[in-house]
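Bear in mind that the values in this text are calculations on the coordinates, not laboratory data. Computed from a prediction, not measured in an experiment: that's the story for all the values here. Cβ atoms come from the backbone with ideal geometry, glycine included; neighbour counts cover every protein chain shown.
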């Protein structure tokens, strides 16, 4: 009888260890996926945060260059 109890407790220990390992692996996978998701979201947010500023800068430079060209043409006309 004690041998059977010991064997059963060993089986239970193996079962619990397997569950523990699976939970550990799943937890790490979830954490890893969360980190990857955060990286992706940060990249998207940065993209949408930086893109408008680049466009504004480009348009400002374009207008500035047009003004300079206009001034140059005026000085040539004189």
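Please report the Cα spread of the chain along all three principal axes, rounded to whole Å, starting with the longest.
For the chain, the Cα spread along each principal axis is 115, 11, 6 Å.
May I ask you to compute the full-extension gain from residue 51 to residue 35, defined as 0.36 nm times their residue separation minus their alpha-carbon distance, rounded to one decimal in nm?
Details: separation 16, 0.36 × 16 = 5.76 nm, distance 2.38 nm.
The residue 51-residue 35 span can extend by a further 3.4 nm.
Rank 36, 20, 66 by mean-square fluctuation in a GNM of the chain with C-alpha springs under 10 angstrom and give only the top-ranked residue.
Looking only at 36, 20, 66, the biggest GNM fluctuation is shown by 66.
In nm, to one decimal, how far is the modelled label at residue 19 from the one at residue 44, with both set 7 Å along Cα→Cβ?
Once both label points are built, they end up 3.7 nm from each other.
To the nearest 10 degrees, how steeply does helix 2-77 sit against the main Cα axis of the chain, on a 0 to 90 scale?
Between the helix axis and the principal axis of the chain, the angle is about 0 degrees.
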